[in-house]
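Presented below is the structure to which this report refers.
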Amino acid sequence: MLNIALFGMTAKQWRDTNPDKKGNIQDYSSINELICLSDMENINAVLIEDGLSQKERLIKLNKIAIHQISILEEQTTKIKWLIYCSVFPFAPFLKQVSELLGSFSSDEIETCARIVMSLTRALDADRQ
């Protein structure tokens, strides 16, 4: 039931959909999904103690999963951004540019930052 609430499918459905993959759905889950799944196991136990039916628990757990994943993803994005800014001091400039030109994904920003950093190193090496 937890897999349905979080991933929208049972473990068997995942295996049937991904016959080429070894292991289970958790082996291919993000850290945020694993954190959410762990929390949902505890919440499910409380909901069982409170006497909620399986259907009621599924509905509540799905809402909790959606909310928790969105919070975790938002926090992950903020943490990645802080890391980018510490590693790539010009990253805030790239963010301003991305807002003007349309939104870049964090991967695109990182790629741009790496390119600019490589170019900066090459220019510094030529100056020496």
message = Tell me the residue from Glu56, Glu49, Glu41, Glu110 that is modelled with pLDDT of 65 or more, in the same structural domain as Ile4 (by TED's automatic domain parsing) and surrounded by 12 or more Cβ atoms within 10 Å (Cβ to Cβ), please.
response = Glu56
key: Unmet criterion (only one of (1) of a type in the set (S, T, N, Q); (2) surrounded by fewer than 12 Cβ atoms within 10 Å (Cβ to Cβ); (3) modelled with pLDDT under 65; (4) in a helix (DSSP H, G or I)) for Ser118   = (3)
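The values are calculated or read from the model by the stated rules, or taken from the named source; none is laboratory data. None of the values given here were measured: they were computed from a predicted structure. Neighbour counts are summed over all protein chains in view; Cβ atoms, including those assigned to glycine, are modelled from backbone coordinates with ideal geometry.
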